[in-house]
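To keep things clear, I will list the structure first and then write my remarks on it.
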Amino acid sequence: MTRTGSGRPECGETDSVGHSVAQRLRAHAGVGAGVPFSVEFNPPRDSAGEARLWRAVREFERMHPAFVSMTYGAGGSTKDRTVRITGELARETTLLPVAHLTAVGHSVAELRSLVGSYADSGIRNLLVLRGDPPGDPLGPWAKHPEGVHYAEELVRIVRDLGAFHVGVASFPQGHHRSPDLDHDTRFLVAKLRAGAEYSITQMFFDVEHYLRLRDRVSALDPEQGAKPIIPELMPITSLRTVARAEELCGRPLPESVMARLRRAAGSGPEPDQSAVRAEGIAIATEMAERLIREGAPCLHFITLNFAKATGEVLTNLGYGVGEAPLPVR
């Protein structure tokens with residue numbers, strides 16, 4: 001592969017990792033039953049966590065996800081690890097990696113350098129996010145003095161740097177900093193108009209929120225509404241993971257979901273963990289089944305670097321290990 005002096009790929013280059021998320025989803029459209037799936041990984045904190053991550057990677061690789069994404073710590077706290085492992089995913093697996101890129105805590109020069117580092121690792125797909133403040137995700141957000149304030153600006157920077165494919169975040173219940181859903185929808189459409197090819201939603205537990213988001217985007221801008229909005233799911237495997245799920249959602253879980261989990265836990269001195277886990281898998285499966293019926297273009301799963309729970313949901317949905325990978329057009 002030839003590269004420019006900045007380390008970014010030349011326009012028109014092709015390679016095994018140069019296919020985009022949108023291409024993968026278009027290739028699947030109308031092919032067989034169901035929809036493609038994708039998974040999200042987190043940079044591990046130590047060698048044991050890295051070994052666990054790679055076990056999950058190899059398990060999912062056998063099921064041929066459309067793509068996999070690697071998150072990026074608040075304020076760049078996992079920057080080096082994120083770049084290294086995402087590059088290894090590109091070089092050492094058959095997976096299509098998508099690297100998270102956040103604006104928080106970075107100057108424009110640093111962001112451009114980071115994009116160049118991804119390019120040097122063979123990464124052409126980026127999920128562009130404004131990012132949460134380090135320490136307190138719900139705390140005040142402060143722009144870097146030499147950085148950008150909005151994800152829309154970062155989308156434009158990345159697209160100007162070369163032949164990159166960009167996704168962004170979307171929020172079925174609205175971003176917690178948005179005053180209302182209309183305001184939030186305008187910001188999403190602005191990111192898509194800036195060059196984003198798709199969005200991945202914040203995790204949710206009520207499919208109606210996803211459907212109404214899709215309706216709002218299409219009503220505001222039908223052209224941008226035609227771009228994929230990928231729903232994000234996470235199977236609840238214990239009552240302890242509820243707090244983590246609510247942190248990622250930015251909101252409490254719906255009472256209907258909590259009631260099911262509480263019933264499964266039982267009234268004994270200790271919760272029935274196996275029953276809670278089974279109920280969490282059932283909830284995720286039911287949500288996925290409805291999303292498929294409603295025409296979702298892909299199912300994106302938060303895995304926390306474990307393969308088992310997501311694998312069970314996929315098995316319930318009829319996805320098989322060793323299925324042929326998606327064709328690419």
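Hey, does the range 287-304 have a residue that's open to solvent by 60 Å² or more (accessible area, probe 1.4 Å), small (Gly, Ala, Ser) and at pLDDT 95 or above? Within the range 287-304, none of the residues are open to solvent by 60 Å² or more (accessible area, probe 1.4 Å), small (Gly, Ala, Ser) and at pLDDT 95 or above. Being of a type in the set (Gly, Ala, Ser) and at pLDDT 95 or above: is that true of SER69 here? Criteria met by SER69. Of the residues making up the range 82-104, at least one is of a type in the set (S, T, N, Q), modelled with pLDDT under 90 and in contact with a strand residue (DSSP E or B) (Cβ under 8 Å, 6 or more places away or on another chain). Taking the range 267-310 as the range and being β-branched (Val, Ile, Thr) and outside any helix (DSSP H, G or I) as the test, the residues that pass are ILE302, THR303.
What do you reckon, is PRO235 in contact (Cβ under 8 Å) with a residue 40 or more places away in the chain and at negative phi? Here the answer is yes, as PRO235 does meet what is asked. GLY174 meets the conditions (1) surrounded by fewer than 16 Cβ atoms within 10 Å (Cβ to Cβ); (2) on the phi > 0 side of the Ramachandran plot in every case but one. The failed one is (1). Among the residues of the range 118-125, is there at least one that is in a loop (DSSP other than H, G, I, E, B), within 17 Å of GLU152 (Cα to Cα), in contact (Cβ under 8 Å) with a residue 24 or more places away in the chain and in contact with a helix residue (DSSP H, G or I) (Cβ under 7 Å, 6 or more places away or on another chain)? So far as the range 118-125 goes, no, none of its residues is in a loop (DSSP other than H, G, I, E, B), within 17 Å of GLU152 (Cα to Cα), in contact (Cβ under 8 Å) with a residue 24 or more places away in the chain and in contact with a helix residue (DSSP H, G or I) (Cβ under 7 Å, 6 or more places away or on another chain). Taken over the range 109-155, the criterion of being of a type in the set (Val, Ile, Thr) and modelled with pLDDT of 90 or more is satisfied by VAL115, ILE123, VAL128, VAL155. Scanning the range 188-222 for residues that are outside any helix (DSSP H, G or I) and charged (D, E, K, R), we see that the one that is least open to solvent (accessible area, probe 1.4 Å) is ASP221. Aliphatic (A, V, I, L, M), touching a helix residue (DSSP H, G or I) at 6+ places or on another chain (Cβ under 9 Å) and surrounded by fewer than 20 Cβ atoms within 10 Å (Cβ to Cβ) - does that describe any residue in the range 232-243? For the range 232-243, residues aliphatic (A, V, I, L, M), touching a helix residue (DSSP H, G or I) at 6+ places or on another chain (Cβ under 9 Å) and surrounded by fewer than 20 Cβ atoms within 10 Å (Cβ to Cβ): present. Selection of the range 252-277 for residues being within 30 Å of HIS175 (Cα to Cα) and loosely packed, with under 12 Cβ neighbours inside 10 Å yields GLU255, SER256, ALA259. Could you grab me the full set of residues in the range 256-290 that are touching a residue at least 60 places away in the same chain (Cβ under 8 Å) and closer than 18 Å to ILE302 by Cβ? Answer for the range 256-290, where residues must be touching a residue at least 60 places away in the same chain (Cβ under 8 Å) and closer than 18 Å to ILE302 by Cβ: ILE283, MET287.
Any chance the range 230-250 includes a residue that's over 23 Å from the mean Cα position of the chain (by Cα), assigned to a helix (DSSP H, G or I) and over 22 Å from GLY174 (Cα atoms)? No, there is no match, as no residue in the range 230-250 is over 23 Å from the mean Cα position of the chain (by Cα), assigned to a helix (DSSP H, G or I) and over 22 Å from GLY174 (Cα atoms).
The values are calculated or read from the model by the stated rules, or taken from the named source; none is laboratory data. What you see is a predicted model; the values in this text were computed from it and never measured. Quick reminder, even Gly has a Cβ in these numbers, built from the backbone with ideal geometry, and neighbours come from all protein chains shown. For accessibility, only protein heavy atoms count, side chains too; no ligands or nucleic acids. Shrake-Rupley method; radii C 1.70, N 1.55, O 1.52, S 1.80 Å.
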